[in-house]
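Below: one structure, written as C-alpha cells.
The values are calculated or read from the model by the stated rules, or taken from the named source; none is laboratory data. Just so it is clear, the model here is predicted, and its values are computed rather than measured. Note: ideal-geometry Cβ built from the backbone for every residue, glycine included; neighbour counts use all protein chains shown.
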Amino acid sequence: MDLNFVNFNIKICETKINLNPKLIKQYKKIKLDKYPTNQNDYDNIGNFLIIYKDLIDILRPYFLNIIKNYGYSSYKINGLWQQKYNKGDYHDLHCHSVTAPELSFVLFIDCTEESSNTLFHLPGYPYVSDYKNIEIKPEKNKLIVFPSIIPHQVLKNNDNVRRIISGNLSVS
C-alpha cells in the first residue's frame with residue numbers, strides 16, 4: 001500500500017495596499033459598539049457588502065493574487081467588520097473558522113508604533129506548544145491573510161488608535 005502525505009504548512013501573507021485617506025476617514029466615522037475588550041461593528045455584518053463596497057473593490061486584485069499563492073482560484077467574502085482598540089483593549093485567543101478551505105484577513109487602517117501586535121499560534125495551541133509564535137506588527141495599510149484555522153489574539157493595546165478591518169473568505 002502506497003501512502004502519500006502532504007506537508008502541513010501554515011502561511012501568513014503580508015502586503016501593503018494603497019488606500020485613499022478619504023476612504024479611511026469615512027470608515028472611521030462608522031459607529032462601533034462598545035464591548036468589554038474592544039469596539040466593533042460585528043452586529044452589522046449582514047450589511048458589509050453595502051458599508052464596505054469601495055474597500056471590497058480595492059481589495060479584489062490583492063485577494064485574487066494572494067489566493068493564487070495559496071493554491072486557490074476563486075473566493076467569496078463571507079463577512080467583514082471593523083474593530084477599534086483603545087488603551088488596554090485586546091482580543092482573546094480565537095480562530096475565525098475551523099472549516100476548510102477558508103482564509104481570514106486583517107487590514108490595519110490606523111495604528112501607531114505603540115499599537116499592539118497580533119500574535120499567531122499553530123493550530124492545536126495550547127496543546128501544541130513546542131514552537132515559536134509569530135507576531136505581526138501593525139502598520140497602516142498592511143494587509144495580512146492567513147488560514148482561518150490559525151489561533152490568534154491581539155495583545156493588550158498601548159494606544160487609543162489601533163483600528164482594523166477584518167473578514168473571512170471562502171476559497172476554492
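Filter the stretch 76-91 down to the residues that are aromatic (Phe, Trp, Tyr) and assigned to a strand (DSSP E or B), then identify the one that is nearest to Asn44 (Cα to Cα).
It comes out as Trp81.
Criterion first (at pLDDT 95 or above and touching a helix residue (DSSP H, G or I) at 6+ places or on another chain (Cβ under 7 Å)) does Ile109 satisfy it?
Criteria met by Ile109.
Name every residue in the stretch 142-163 that is at pLDDT 95 or above, of a type in the set (Val, Ile, Thr) and either more than 26 Å from Gly71 (Cα to Cα) or not in a strand (DSSP E or B) (or both), in order of residue number.
Once the filter is applied, which keeps residues that are at pLDDT 95 or above, of a type in the set (Val, Ile, Thr) and either more than 26 Å from Gly71 (Cα to Cα) or not in a strand (DSSP E or B) (or both), the stretch 142-163 yields Val154, Val161.
Taking the stretch 93-137 as the search range and keeping residues that are surrounded by 14 or more Cβ atoms within 10 Å (Cβ to Cβ) and among the aliphatic types (A, V, I, L, M), which one is farthest from Gln83 (Cα to Cα)?
Looking at the filtered set, the residue picked out is Leu122.
Return the residue satisfying two criteria in turn: it lies in the stretch 138-171 and is hydroxyl-bearing (Ser, Thr, Tyr) and more than 22 Å from Asp33 (Cα to Cα), and of such residues it is surrounded by the most Cβ atoms within 10 Å (Cβ to Cβ).
Ser148
Hey, can you tell me all the residues within the stretch 19-74 that are surrounded by 14 or more Cβ atoms within 10 Å (Cβ to Cβ), farther than 25 Å from Ser116 by Cβ and among the acidic types (Asp, Glu)?
Asp54
Given the conditions (1) among the aliphatic types (A, V, I, L, M); (2) within 20 Å of Thr37 (Cα to Cα); (3) out of contact with any Ser or Thr (no Cβ under 9 Å at 6 or more places or on another chain), which single one is not true for Leu80?
(3)
Residue under question is Asn133, and the condition is that it be touching a strand residue (DSSP E or B) at 6+ places or on another chain (Cβ under 6 Å) and either β-branched (Val, Ile, Thr) or at pLDDT 95 or above (or both); does it hold?
Considered against the rule, which asks whether it is touching a strand residue (DSSP E or B) at 6+ places or on another chain (Cβ under 6 Å) and either β-branched (Val, Ile, Thr) or at pLDDT 95 or above (or both), Asn133 comes out as no.
Just checking, how many residues over the stretch 62-77 are under 30 Å from Val161 (Cβ atoms) and either within 13 Å of the chain's Cα centre (by Cα) or of a type in the set (D, E, K, R) (or both)?
2
Pull out all pairs, ordered by first then second residue, where Cβ-Cβ is under 9 Å, the residues are six or more apart or on different chains, the first lies in the stretch 13-37 and is without any contact (Cβ under 8 Å) to a residue 40 or more places away in the chain, and the second is of a type in the set (Ser, Thr, Tyr) and surrounded by 11 or more Cβ atoms within 10 Å (Cβ to Cβ).
Asp33/Tyr42; Tyr35/Tyr42
Go through the stretch 112-141 and give me each residue that's in a loop (DSSP other than H, G, I, E, B), under 17 Å from the mean Cα position of the chain (by Cα) and under 24 Å from Leu59 (Cβ atoms).
Residues satisfying the conditions are Ser115, Ser116, Asn117, Lys137, Pro138, Glu139, Lys140, Asn141.
Going through the stretch 92-111 one residue at a time, which ones are farther than 26 Å from Pro21 by Cα and part of a strand (DSSP E or B)?
Selection gives Asp92, Leu93, His94, Glu102, Leu103.
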